[in-house]
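None of the figures in this text is laboratory data; all of them are computed from the coordinates on show. Here the structure is a predicted model, which means the values were calculated and not measured. Here the Cβ positions follow ideal geometry from the backbone for every residue, glycine too, while neighbour counts run over all protein chains shown.
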Amino acid sequence: MTYGLLGEKLSHSFSPQIHRELGNPGYTLTELPHEAVKDFFQKREFSAINVTIPYKKDALAACDRVSPRAHAIGSVNTVVKEADGTISGYNTDAYGFEYMLRLGGIDPRGEKCLVLGSGGSSVMAQYVLRQLGAREVIVVSRAGENNYDNLHLHADAGVIVNTTPVGMYPKNGASPVDLADFPALKGVADLIYNPALTKLLLDAERLGIPHVGGLSMLVAQAKLAHLLFFGKVDSDEIAVTCPDADIDAITDIIRTETMNILLIGMPSCGKSTVGRILAERTGRPLIDTDALIVERAGKPIPEIFAEEGEEAFRTIETAVAADVCKGSGQIIATGGGIVTRERNHDLIRQNSLVIFINRPIEELSTDGRPLSQQNRLSDLLSARLPLYRGLCDREIAFVSSPQVADEIMALIREKSNTSEET
């Protein structure tokens, strides 16, 4: 490869999309087992590459020259082949992490900072936090002096940074710590970028704590790597002094491309029809959670209610939502009552732009809908309306299915247009 990413497992990497937006459409992914990495670096059949886990230390050892920052951190994630055939190593993760903190409004200066995890990303985060003036940096690991059994010793922490894979796709929904145990928190950063909102970040949101996920870090480090690839800078020790329009715009584009469009609203409000229109226009797959419930149960929804009751239906619905909502780039049409189970709220929001389709009650049908037939629609709507509005990113009043689809497409284009203007 000429330009690309080296790693062990890369199937869910966003890096090719990011580098395409940076102007490098030839950026490719190379997966290698560990025994092949040494030979890869000896052959040097590349112009410049990024390196991800678990090969950042291998890259450090293979380079002829290593930047002071990469040497201090102990890992290399960007390698550039020079005109004389030698290779130079840099660490752009540190720049990306500092950018991420500033974007999230998280200032470690004078704070006690907990770094969850002790791997290579943890070492990088520790370095940056100290560079930014953290009063104290504590590393929490499963078997270290500071571990998950004695977190009470650090209840005064002001910043928490997660560098572990806990909560990362495909094992969504887990959190390494309970944020309620840290009453002094002023910021939470999670290096995970898939899902967009991990449980750790969703918990921070509920508690009103400033928080930020890893996508902005991924884009920021990629931009610096791109500049190094093409000789536009010769150092990775660039200070983050102000927002970068390119990074912000590309972050928005990648988020828009990878997030789900998830539709909520009362039964028969038009979610399935709007979903089909959006799938046709965008080329994204359409997932109908009610259809999956029928498939999983092996019977129609009215039969599930009649034979097993609503609770059994909701249990299947949550299991389906857990599987579907962890994915990316889908159109998801949900059942009208999915919002009634609190467990589903994080599933819905973790990776989706949530659209509430609000259709006049007199236009709603009750055919084939057990709850709508057993209850007054006005009572169901009264109970669910605050939930729909509390979970959605945008509420759209229904006039017609094409009109709703048009408004959603316009919402998607907003971010792309913003990028093209920068």
Quiz prompt | Amide H within-cut-off set for Ser118, under 5 Å, with H built and near neighbours excluded | solution = none
Self-check item: Selection from Pro54, Val212, Leu387, by position along the positive dipole direction of the chain (Cβ)
Solution: Pro54
Quiz item: In degrees, nearest 10, range 0 to 90: what is the angle between the Cα axis of helix 271-282 and the longest Cα principal axis of the chain?
Solution: 40 degrees
Quiz item: Using a cut-off of 12 Å between alpha-carbon atoms, which aspartates and glutamates can reach Lys56, once sequence neighbours fewer than 8 places away in the same chain are excluded?
Solution: Glu8, Asp93
Self-check item: Those aspartates and glutamates that a straight Cα-Cα span of less than 17 Å connects to Lys199, excepting residues fewer than 8 apart in one chain
Solution: Asp178, Asp181, Asp190, Asp323, Glu342, Asp346
Quiz prompt | Subset of Lys223/Lys326; Lys57/Lys186; Lys57/Lys81 violating a 25 Å alpha-carbon distance limit | solution = Lys223/Lys326; Lys57/Lys186
Self-check item: Cβ-based charge dipole, the chain, positive-most Cα from Leu22, Gly89, Ile301
Solution: Gly89
Quiz item: Calculated from the structure, Cα Rg over 2.2 N^0.38 Å equals which of (i) 1.48; (ii) 1.16; (iii) 1.09?
Solution: (iii)
Quiz prompt | Ordering of 126-137, 395-406, 261-272 by packing [mean C-beta count within 10 Å, highest first] | solution = 261-272, 126-137, 395-406
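Exposure proxy check: Val37, Val159 ranked by fewest other beta carbons within 10 Å?
With the sparsest Cβ surroundings first, the list reads Val37, Val159.
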Quiz item: Rounded to the nearest 5, what % of the DSSP beta bridges within the chain are antiparallel ones?
Solution: 15 percent
Self-check item: Computed lengthening from Arg296 to Glu35, 0.36 nm per intervening residue step minus Cα-Cα distance
Solution: 89.7 nm
Practice problem: Assuming R0 = 60 Å, can you tell me the calculated FRET efficiency for the pair Arg109 and Glu308, based on Cβ-Cβ distance, to the nearest 0.05? | Solution: 0.60
Practice problem: Could you list Lys232, Lys57 in order of exposure, starting from the residue whose Cβ has the fewest other Cβ atoms within 10 Å? | Solution: Lys232, Lys57
Practice problem: Return Val188, Val51, Val240 ranked ascending by Cβ neighbour count within 10 Å, so the fewest neighbours appear first. | Solution: Val240, Val51, Val188
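Let me spell out the model: positive unit charges on the Cβ of Lys and Arg, negative unit charges on the Cβ of Asp and Glu, origin at the Cα centre of the chain. What dipole size does that give, in debye rounded to 20?
Around 260 debye, computed over the chain.
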Exercise. Please give the calculated 222 nm ellipticity per residue for the chain, where each DSSP H segment of at least 4 residues contributes -39500 (n - 2.57) and the sum is spread over every residue; nearest 500 deg cm²/dmol?
Key: -13000 deg cm²/dmol
